[in-house]
Amino acid sequence: MDTARPQGGAAALAEPGAGPDATTPALPAGTAGTAGGLQQRPAPSPGLRTDAELSDATRDDSSLRRFLRGLPGIDPVGLEQRAAGLATRSIKKNSKLQAIDLAISMVDLTTLEGADTPGKVRSLAAKARRPDPAQPGVPSVAAVCVYPDLVAVAAEQLAGSGVGVASVATAFPSGRAALAVKLADVRSAVDAGATEIDMVIDRGAFLAGRFGEVFDQIVAVRQACAGRRLKVILETGELGTYDNVRRAAWLALLAGGDFVKTSTGKVSPAATLPVTQVLLQAVADWHARTGEYRAVKPAGGIRTTKDAVRHLVAVNEVAGPAWLDPYLFRFGASSLLNDLLLQRRTQREGHYSGPDYVTVD
Amino acid sequence: MSQQRLPVAKTYKLFVGGAFPRSESGRTYPVRGPGGEFLANVARASRKDARDAVVAARKAFRGWAGTTAYNRGQVVYRIAEMLEGRRAQFVDLLVTGDGADPAAAGAAVDAAVDRIVHFAGWTDKLAAVWGSANPVAGPYFSFSVPEPTGVVAALAPPDDALLGLVSVVAPIIASGNTVVVLAAPDHPLPAIALAEVLATSDLPGGVVNILTGDPAEIAPHLAAHGDVDALDLTGAGAELRADLERAAAGTVKRVHVPTGSDWTAPPGTARLRAFLEVKTVWHPTGAVSLTGGGGY
């Protein structure tokens, strides 16, 4: 059983009256086949440090606002400088090969197009299981990410493979629908066999300062997920400032999101190194205060191996080596996988490879 | 009051994807004239520059191969126009760099312009010369059409810095290929000046990429590169040539090894043909009527 999922603490935090359905206690952990085959986290110590300030933050609307507005501000210049500094690290040879394999195992292979067909999802699922059939020892990716109506196809193809099925839901990508519609969206994905749910927050409500509304929606979606891991998409490209990104990340963590995810991939800018670092810092701080491990998923705009390795360096330096694990860090990407496979071949075969040697998605 | 003007020395850089970057490695090497006098510091490309150039060439290939032969001919002709306009600059480069006498240098530049015009005229004649409508025993049309090979890596000849380079590059791009060319290591200045001509003509960025540096260092990486489709070994010495052919075999590249190198002679068609592939298409002639008098 996967005891690490941050069920207890977060649900307890959500309880004091803030959520629309505060009666639901901690869900039984490990009910669904979540992220099968991935490494499991050690359980947090039984004497969980339930931070008084954190539980107070979710008591009501105004205390939530006070908490989020009271988060320390971010120095954008310093943050971007640090991101640029870490990006200069040189990862070569064996370390690079290991980084590539780790990055492959962290990929959420994504197709979120209006033109998606069951056939495309089937071929994507085949690629997810064996990304490069010509090369032995290439790990499977972490999950396949599709729209809810294609979850059933993906789940059928990936049964027993250890590759998760992630589904976007809650009126992705805009998130502009009534809560009931969003919850129905989530339930349909869960019923079809999704093991992970990617929800979008209501950016309109967040930017208007209605933090409580966003919080309640995340809590409601979390309950509709019935134990599946929940990724909360902040859509950082629409939040405007790093301070807002930090507030949104904490809001998602307080509401019990298992992942904080940068973007839908439909808005530019999407995942940038500084933004990912803000999220990594948030989960690291969350771990320091509660002992729970939460995950981060940058998505959109990461296309090259170099970008991916830079993100891994940031993961190691900002959050810590514990996060160098597909359970706690993912890449939401489609074209990244091909570049990783090409670079892997280049490392193995000793000469540059070309796009003719990997599948066209 | 008379003021002495400071000399403005030119920075010679690479030509990759339509831009003029320095070498990723930051390295340069000095180029000297025939008397051993210092002429310029030139970028010394690394294998990563070669990789970037291949990426640029691959990116440009689809668009360049997709242009109509008519349009491609116009663009190549435009290169000749621009080169003609800079005639004096190239004569000067050949005189100071190679020690050629001005008359010979002028003749070389004229020959280079004429060579480009020659290949510009070839673009819409390739299909007529190497294509055919094949007679077949069945209700089908069968056509053979020449198509560009893809990304070509070429080594420019060391003996003729301008005319040799032009004679290598022009036939490659005339048929719709894109090229990464390594300039002659001892005479790179006309090659970089030619890059300025290419950049100001209508050639899309990445169709021609020019690297300066040591071919023995860079060429093996290009020869083994999985995304390079063909190799032009005009400028490779005998020893390097064998190594490169061996490396190219790993990814089954088309390799062109020319015989003879008299650049003033008529260019012939061998270089055009070397980087063409012939595709044959079968197509039904249409419905065959059961009552006779059908589609064929």
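The number of residues in segment B:93-106 that are surrounded by 15 or more Cβ atoms within 10 Å (Cβ to Cβ), free of Cβ contacts under 8 Å to residues at least 60 places away in the same chain and in a helix (DSSP H, G or I) comes to 3. The residues listed here are B:16, B:76, B:54; of these, the one that is within 14 Å of another protein chain (Cβ to nearest Cβ), under 21 Å from residue B:148 (Cβ atoms) and β-branched (Val, Ile, Thr) is B:54. Restricted to segment A:317-361, and to residues there that are β-branched (Val, Ile, Thr) and part of a loop (DSSP other than H, G, I, E, B), the residue that is nearest to the other protein chains (Cβ to nearest Cβ) is A:358. For segment B:193-214, check the following and say yes or no: at least one residue is touching a residue at least 40 places away in the same chain (Cβ under 8 Å) and within 14 Å of chain A (Cβ to nearest Cβ). Checked segment B:193-214: no residue is touching a residue at least 40 places away in the same chain (Cβ under 8 Å) and within 14 Å of chain A (Cβ to nearest Cβ).
Taking the listed residues B:67, B:28, the one that is closer than 30 Å to residue B:225 by Cβ and without any contact (Cβ under 8 Å) to a residue 24 or more places away in the chain is B:28, with no other qualifying.
A quick yes/no check of all residues on (1) of a type in the set (S, T, N, Q); (2) in a helix (DSSP H, G or I); (3) in contact with a strand residue (DSSP E or B) (Cβ under 7 Å, 6 or more places away or on another chain):
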| position | (1), (2), (3) |
| --- | --- |
| B:29 | no, no, yes |
| B:36 | no, no, no |
| B:41 | yes, no, yes |
| B:45 | no, no, yes |
| B:48 | no, yes, no |
| B:51 | no, yes, no |
| B:56 | no, yes, yes |
| B:61 | no, yes, yes |
| B:65 | no, yes, yes |
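For the criterion of being loosely packed, with under 15 Cβ neighbours inside 10 Å, out of contact with any helix residue (DSSP H, G or I) (no Cβ under 9 Å at 6 or more places or on another chain) and of a type in the set (Gly, Ala, Ser), residue B:265 passes. Only a single item in (1) part of a loop (DSSP other than H, G, I, E, B); (2) under 21 Å from the mean Cα position of the chain (by Cα) is not met by residue A:134, and it is number (2). Looking at residue A:312, is it within 21 Å of residue A:144 (Cβ to Cβ), more than 14 Å from chain B (Cβ to nearest Cβ) and not basic (Lys, Arg)? Taking the combined requirement at face value, the residue does not satisfy it.
Could you check, for segment B:12-19, whether at least one of its residues is among the hydroxyl-bearing types (Ser, Thr, Tyr) and out of contact with any Pro (no Cβ under 8 Å at 6 or more places or on another chain)? Taking every residue of segment B:12-19 in turn, none turns out to be among the hydroxyl-bearing types (Ser, Thr, Tyr) and out of contact with any Pro (no Cβ under 8 Å at 6 or more places or on another chain). A residue that is more than 16 Å from residue A:232 (Cα to Cα) and surrounded by fewer than 24 Cβ atoms within 10 Å (Cβ to Cβ) can be found somewhere in segment A:243-253. Please indicate, with yes or no, whether at least one residue in segment B:41-49 is surrounded by fewer than 19 Cβ atoms within 10 Å (Cβ to Cβ), in contact (Cβ under 8 Å) with a residue 24 or more places away in the chain and over 19 Å from residue A:343 (Cα atoms). Yes, segment B:41-49 contains at least one residue that is surrounded by fewer than 19 Cβ atoms within 10 Å (Cβ to Cβ), in contact (Cβ under 8 Å) with a residue 24 or more places away in the chain and over 19 Å from residue A:343 (Cα atoms).
Scan segment B:215-242 for residues that are surrounded by 15 or more Cβ atoms within 10 Å (Cβ to Cβ), away from every other protein chain (no Cβ under 12 Å) and of a type outside the set (A, V, I, L, M) and the total you get is 6. Listed conditions (1) within 14 Å of chain A (Cβ to nearest Cβ); (2) surrounded by fewer than 20 Cβ atoms within 10 Å (Cβ to Cβ); (3) not in a loop (DSSP other than H, G, I, E, B) are all met by residue B:277, apart from (1).
Values quoted throughout were computed directly from the atomic coordinates according to the rules given, and no laboratory measurement underlies them. What you see is a predicted model; the values in this text were computed from it and never measured. Reconstructed Cβ throughout: ideal geometry from the backbone, glycine too, with neighbour counts over all protein chains shown.
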